[in-house]
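Heads up: the structure comes next, in structure tokens.
The values are calculated or read from the model by the stated rules, or taken from the named source; none is laboratory data. Please read all numbers here as calculations on a predicted model, not as lab measurements. Cβ placement follows ideal geometry from the backbone for every residue including glycine, while neighbour counts extend to all protein chains displayed.
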Amino acid sequence: MSVKKAGPADLSSGRVNQKLRTRDTLVAVAAELIREGRSFSVADVADLARVGRTTAYRYFPSQEQLLAHAALWKLAHIEHFEFDRIFEDKASVLDKVDALVSASDKSTCDYEAEYRAMLRASLEAAAASREPLPRRSPFRRDMVAKALAGTEKSLGRERLERLAAAICIVMGIEALIVTRDVCLLPAERARAIKRWAAGALVRAALAETKELSVKPSARAGRRNQGEQGDGKGRHGDRNVAQPTARARRRALG
């Protein structure tokens, strides 16, 4: 049976609470289907949610929109509870980043279907959809920023942004796809490599900062030592009178 797709639902007027409940019901049912690994249409979700199909299409004119909203809704709940206290008892930046990467890997493994659905929605939206879809949450960037808090003074803004972006690469569903789908690594090995990579990135950034702060004083120390150690500089022994320009010309004949 074909269903006429009505215009988008207006959530700003009328029985707002009821509209929101209807929308949330559709999203929750779709999220459960994602969890079960089942494909679905807007009509399928409407039937399971006991919502009229025409009404469902007012909220979600396409399957892509419903999929994107359901995946992001589910992941927002997951991220809120999974990452709530991961920095407790973590004093150093290395420990915080390690805890974050470990928690991210556990979350993507435990809720792999939801994360893959979210990625699929993002890719399909970028490739084909003309309809506005919800943007991915900045949650990953925000959590990395919290892990690196307090390092901007020592790293500098540019190096801090570079480090944060690099750490984001070893987190999330994209890192799972690389380690599991591309490299065919078992889960524990994949997690260990992500943690190692994140730690290496942090150590490299801190070492680079330390090296840059030491170099100027080291160069000055070596220069002073060369000039003061035995009275010799770049032009030889400064305690011995140097020949004048006229004397050098006469010597050359």
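For Val93, state whether it is at pLDDT 90 or above and buried (at least 21 other Cβ atoms within 10 Å of the Cβ). No, not satisfied. Yes or no: region 116-138 includes at least one residue that is of a type outside the set (Val, Ile, Thr), at pLDDT 90 or above, in the same structural domain as Leu176 (by TED's automatic domain parsing) and in contact with a Lys or Arg (Cβ under 7 Å, 6 or more places away or on another chain). No, region 116-138 contains no residue that is of a type outside the set (Val, Ile, Thr), at pLDDT 90 or above, in the same structural domain as Leu176 (by TED's automatic domain parsing) and in contact with a Lys or Arg (Cβ under 7 Å, 6 or more places away or on another chain). Going residue by residue through region 28-51, is there one that turns out to be farther than 21 Å from Cys109 by Cβ, buried (at least 21 other Cβ atoms within 10 Å of the Cβ), out of contact with any Leu (no Cβ under 9 Å at 6 or more places or on another chain) and in contact (Cβ under 8 Å) with a residue 40 or more places away in the chain? Checked region 28-51: no residue is farther than 21 Å from Cys109 by Cβ, buried (at least 21 other Cβ atoms within 10 Å of the Cβ), out of contact with any Leu (no Cβ under 9 Å at 6 or more places or on another chain) and in contact (Cβ under 8 Å) with a residue 40 or more places away in the chain. Residues of region 52-83 that are among the small types (Gly, Ala, Ser) and surrounded by fewer than 21 Cβ atoms within 10 Å (Cβ to Cβ): Gly52, Ser62, Ala76.
Per-residue answers, yes or no, for (1) in contact with a Lys or Arg (Cβ under 9 Å, 6 or more places away or on another chain); (2) among the hydroxyl-bearing types (Ser, Thr, Tyr):
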| site | (1), (2) |
| --- | --- |
| Val29 | no, no |
| Arg50 | no, no |
| Thr55 | no, yes |
| Tyr59 | yes, yes |
| Lys74 | yes, no |
| Ser92 | no, yes |
| Ala103 | no, no |
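Every condition in (1) at pLDDT 90 or above; (2) under 31 Å from the mean Cα position of the chain (by Cα) holds for Tyr57 except the one numbered (2).
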